[in-house]
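The next block holds one structure in the form of structure tokens; read it before the comments.
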Amino acid sequence: MIDDIPGLRRILKTSRVIAVVGLSGDWFRPSYFAAKYMMAHGYTVIPVNPGYPEILGQKCYKSLRDIPGTVDIVDVFRRTEDVMPIAEDAVAIGAKVLWQQLGVTNTDAAKKTEAAGLEAVMDRCVKIEHARLFGGLNWAGVNTRVISAKRPQ
């Protein structure tokens, strides 16, 4: 389980394609805000939600297995009990990371993906971690717990 600053920084620096499972088309939902933020910071976001044809100008897919290209991070905005089939799909499509959002903590799914060679992150938000580790929170007075006079390379 990746839960340290160097591991999170490495994942966010080397992974550029994020499939967001459970991405909502409603602008006020956390998944929408996080996806929009990540797109604004150079990431390719692939929406996965059978309820929408398109979100944030991107074609929306019904499942991870329907995505034609490669995926680095599978970002899960679903309930904890819904994660296992998503984890199995993440393994099947050859993703590199299963990332469970804040409040999502399916340990069995994380262990299953790690056994298949993926990395796992639980109970963290990609947007918050990106802002914390690569700049973006400090302007609002948020303690990032990263003490340095230098910007990360």
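Remark: the stretch 100-112, residue by residue, has Karplus-estimated 3J(HN,Hα) of 9, 5, 3, x, 9, 9, 8, 5, 4, 5, 4, 5, 5 Hz, where x stands for each Gly or Pro and the curve is 6.51 cos²θ - 1.76 cosθ + 1.60 at θ = phi - 60°.
Judged by the mean number of other Cβ atoms found within 10 Å, the most tightly packed of the peptides 38-47, 52-61 leads the ranking 38-47, 52-61.
Taking each residue as 0.36 nm, the span from PHE28 to LYS59 lengthens on full extension beyond its C-alpha to C-alpha distance by 9.2 nm. Put simply, the Cα atoms of the stretch 1-46 extend 33, 20, 14 Å along their principal axes, the longest span coming first.
With the simple spin-label model, which puts each label point 7 Å out from Cα in the Cβ direction, the MET84 to THR107 separation comes to 1.5 nm.
Using only Cα coordinates, the Kirkwood hydrodynamic radius of the chain works out to 15.6 Å. The lysines within cross-link reach of LYS112, meaning a Cα-to-Cα straight distance under 19 Å and a gap of 8 or more places when in the same chain, are LYS96. Placing a label point 7 Å from the Cα of ASP3 along the Cα-to-Cβ direction, the residues of the stretch 91-106 whose backbone N falls under 18 Å from that point are 98-106.
Specify the angular offset, from 0 to 90 degrees and rounded to the nearest 10, of the alpha carbon long axis of helix 83-93 from the longest principal axis of the alpha carbons in the chain. For 83-93 against the chain, the angle is about 80 degrees.
May I ask you to derive the relative contact order of the chain, considering only C-alpha pairs under 8 Å and at least 6 residues apart, and to give it as an integer percent? Working shown, then result.
Details: 267 pairs, mean separation 31.4, N = 153.
It comes to 21 percent, rounded to a whole number.
For the listed residue pairs LYS62/LYS127; LYS13/LYS62; LYS36/LYS59; LYS36/LYS111, the alpha carbons are over 18 angstrom apart in LYS62/LYS127; LYS13/LYS62; LYS36/LYS111. Our coupling estimate for the stretch 41-47, obtained by passing each phi through the Karplus curve with A = 6.51, B = -1.76, C = 1.60 and θ = phi - 60°, is 9, x, 8, 8, 10, 10, x Hz, Gly and Pro reported as x. By DSSP, the beta bridges lying fully in the chain are antiparallel in about 10 percent of cases. Using 17 Å as the cut-off for backbone N distance, which residues of the stretch 34-57 belong to the label zone defined by a point 7 Å from the Cα of PHE134 along Cα→Cβ? Flagged as within label range: 34-46. Per residue, the convex hull spanned by the alpha carbons of the stretch 29-94 comes to 92 Å³.
Coordinate-derived values only; no laboratory data. All of these numbers come straight from a predicted model, not from anything done at the bench. As a convention, Cβ positions derive from the backbone with ideal geometry for all residues, glycine included, and neighbour counts pool all protein chains shown.
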